[in-house]
């Protein structure tokens, strides 16, 4: 037997910091041969009480879970199937990581080509005439880049 805390999660599932109502504490038992990622737990409570909640914290696992299924075993015994909420469970670790993001709503990195920011390359051709012709007493270096149909 171990403590589990049931909450009402008022936030979107993909939000890291969840908006949770105050918890209700129950005693739970793990179903034999279950996982930490998707545990199945039985608690002594009527199913109509458990159905009021959609979120769980298990201190022994130090993880938060979404309730994915609720099943009545007897009138006072309920089985709940859970799935780990990775964002909430590891939010402190996630927040300390540094990353280069490819796309962000307001601030983006123009050096990362992700195909969302369009750039254009326009051809620029310049023709310059020497007013006195080519100089005869100095060396001349001319650079031509690209191809053009200049006459």
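The values are calculated or read from the model by the stated rules, or taken from the named source; none is laboratory data. In this text the structure is predicted, and so the values were computed from the model without any measurement. We place every Cβ from the backbone using ideal geometry, glycine too, and count neighbours over all the protein chains shown.
A compact table of results
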| item | result |
| --- | --- |
| Hits in region 72-88 (condition: touching a strand residue (DSSP E or B) at 6+ places or on another chain (Cβ under 9 Å) and either in a loop (DSSP other than H, G, I, E, B) or farther than 15 Å from residue 15 by Cα (or both)) | 72, 73, 76, 77, 78, 79, 80, 81, 82, 83, 85 |
| Single unsatisfied condition, residue 34 versus (1) within 14 Å of residue 86 (Cα to Cα); (2) at pLDDT below 95 | (1) |
| Whichever residue in region 78-101 is free of Cβ contacts under 8 Å to residues at least 40 places away in the same chain and touching a helix residue (DSSP H, G or I) at 6+ places or on another chain (Cβ under 9 Å) and, among such residues, is farthest from residue 34 (Cα to Cα) | 86 |
| Qualifying residue in region 142-151 (condition: at pLDDT 70 or above and assigned to a loop (DSSP other than H, G, I, E, B)) | no |
| Subset of region 28-66 (residues that are part of a loop (DSSP other than H, G, I, E, B) and free of Cβ contacts under 8 Å to residues at least 40 places away in the same chain) | 32, 33, 34, 35, 45, 46, 51, 61, 62 |
